[in-house]
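The values are calculated or read from the model by the stated rules, or taken from the named source; none is laboratory data. In this text, all values refer to a predicted model and were calculated from it rather than measured experimentally. Note: ideal-geometry Cβ built from the backbone for every residue, glycine included; neighbour counts use all protein chains shown.
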Amino acid sequence: MSTRSLSYGEVLLIRHGETDWSLTGRHTGNTDLPLTARGELEALTLAPLLAGWQFDLVLVSPLKRAQRTCDLAGLAGDRSIEPDLREWDYGAYEGLTSDEIHRDVPDWLVFRDGCPHGESPEQVGVRADRVIGRIQKNGGRVAVFAHGHILRVMAARWIGLAPFHGCHFLLDTATLSVLSSYHDQPALNCWNAAIH
């Protein structure tokens with residue numbers, strides 16, 4: 001990603017750094033894991049990039065892996081906890097890998113099927129819409145620190161797609177993405193950009 005700053009009305013999405021479960025592909029919703037040592041280094045590499053940027057609003061998930069990423073990126077003093085940015089509630093699938101889930105449900109896809117005793121795609125979409133509404137009401141330049149699946153749903157909803165379409169936006173840990181507009185139409189300016 002270039003070192004340019006955001007334009008007015010753009011939203012910088014930052015997925016938190018690596019955790020033990022993101023490294024092993026385990027679904028991590030409400031389990032409040034810390035960053036790994038590598039995850040902390042990934043977050044620290046954000047600080048020089050974001051040092052000269054001005055944000056009107058910094059929203060952060062209530063989970064510590066996102067908060068720690070925000071803090072190490074140098075925006076601790078500006079952050080506001082946004083409960084709707086917590087990761088998907090995976091219910092019975094919390095802590096399982098996709099391979100483990102597919103042994104019992106071979107064609108399962110979280111963006112289509114949701115999770116037993118957890119959230120449906122529509123429920124996650126409602127949360128994403130509330131965050132987008134808050135961002136649009138606030139205006140300005142916004143940074144969002146959160147998690148892979150909620151951010152993928154946010155991207156889909158930003159451009160008017162159903163939550164299911166989050167499946168089309170792959171998102172690695174400690175990456176940057178920009179929600180923007182093109183001739184007053186919602187658009188993606190950048191997606192899944194590595195920070196190094």
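Quick notes on this structure:
- Candidates ARG134, ARG112, ARG130, filtered to the one that is modelled with pLDDT of 95 or more and closer than 20 Å to HIS27 by Cα: ARG112
- Selection of first residues in the stretch 61-76 that are free of Cβ contacts under 8 Å to residues at least 12 places away in the same chain and of second residues that are polar (S, T, N, Q), restricted to Cβ pairs under 9 Å at least 6 apart or on distinct chains, gives the following pairs, ordered by first then second residue: ALA76/GLN67.
- Condition broken by PHE111, with the remaining ones in (1) within 29 Å of ALA162 (Cβ to Cβ); (2) surrounded by 22 or more Cβ atoms within 10 Å (Cβ to Cβ) satisfied: (2)
Residues are listed down the side, and each one gets a yes or a no for (1) over 19 Å from ASP32 (Cα atoms); (2) acidic (Asp, Glu):
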residue: PRO83; (1), (2): no, no
residue: GLU100; (1), (2): yes, yes
residue: CYS115; (1), (2): no, no
residue: GLU122; (1), (2): yes, yes
residue: PHE145; (1), (2): no, no
residue: ALA155; (1), (2): yes, no
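- Residue in the stretch 80-93 that is among the polar types (S, T, N, Q), in contact (Cβ under 8 Å) with a residue 12 or more places away in the chain and touching a Phe, Trp or Tyr at 6+ places or on another chain (Cβ under 9 Å) present: no
- Count of the stretch 108-143 residues which are out of contact with any Pro (no Cβ under 9 Å at 6 or more places or on another chain), over 18 Å from VAL58 (Cβ atoms) and not in a helix (DSSP H, G or I): 7
- Hits in the stretch 41-66 (condition: within 30 Å of GLU119 (Cα to Cα) and either among the basic types (Lys, Arg) or in contact with a Lys or Arg (Cβ under 7 Å, 6 or more places away or on another chain) (or both)): ALA43, VAL58, VAL60, SER61, PRO62, LEU63, LYS64, ARG65
- Here LEU170, LEU179 are screened, and the one residue that is over 18 Å from ARG26 (Cα atoms), among the aliphatic types (A, V, I, L, M) and at pLDDT 95 or above is LEU179.
- Those helices (runs of 4 or more DSSP H) of the stretch 5-87 in which at least 2 residues are hydrophobic (A, V, I, L, M, F, W, C) and under 23 Å from SER181 (Cα atoms), considering only elements entirely within it, cover 46-50.
- Selection within the stretch 34-46: residues that are among the hydrophobic types (A, V, I, L, M, F, W, C) and surrounded by fewer than 18 Cβ atoms within 10 Å (Cβ to Cβ). The member of this set that is nearest to GLN67 (Cα to Cα) is LEU44.
- Residue list for the stretch 158-191, restricted to those being part of a helix (DSSP H, G or I) and over 16 Å from GLY114 (Cβ atoms): TRP158, HIS168
- Filtering the stretch 88-107 to residues that are of a type in the set (Asp, Glu) and part of a helix (DSSP H, G or I) leaves ASP99, GLU100, ASP104.
- Residue count for the stretch 160-196 under the criterion of being more than 15 Å from SER7 (Cβ to Cβ), without any contact (Cβ under 8 Å) to a residue 60 or more places away in the chain, among the hydrophobic types (A, V, I, L, M, F, W, C) and surrounded by 15 or more Cβ atoms within 10 Å (Cβ to Cβ): the result is 5.
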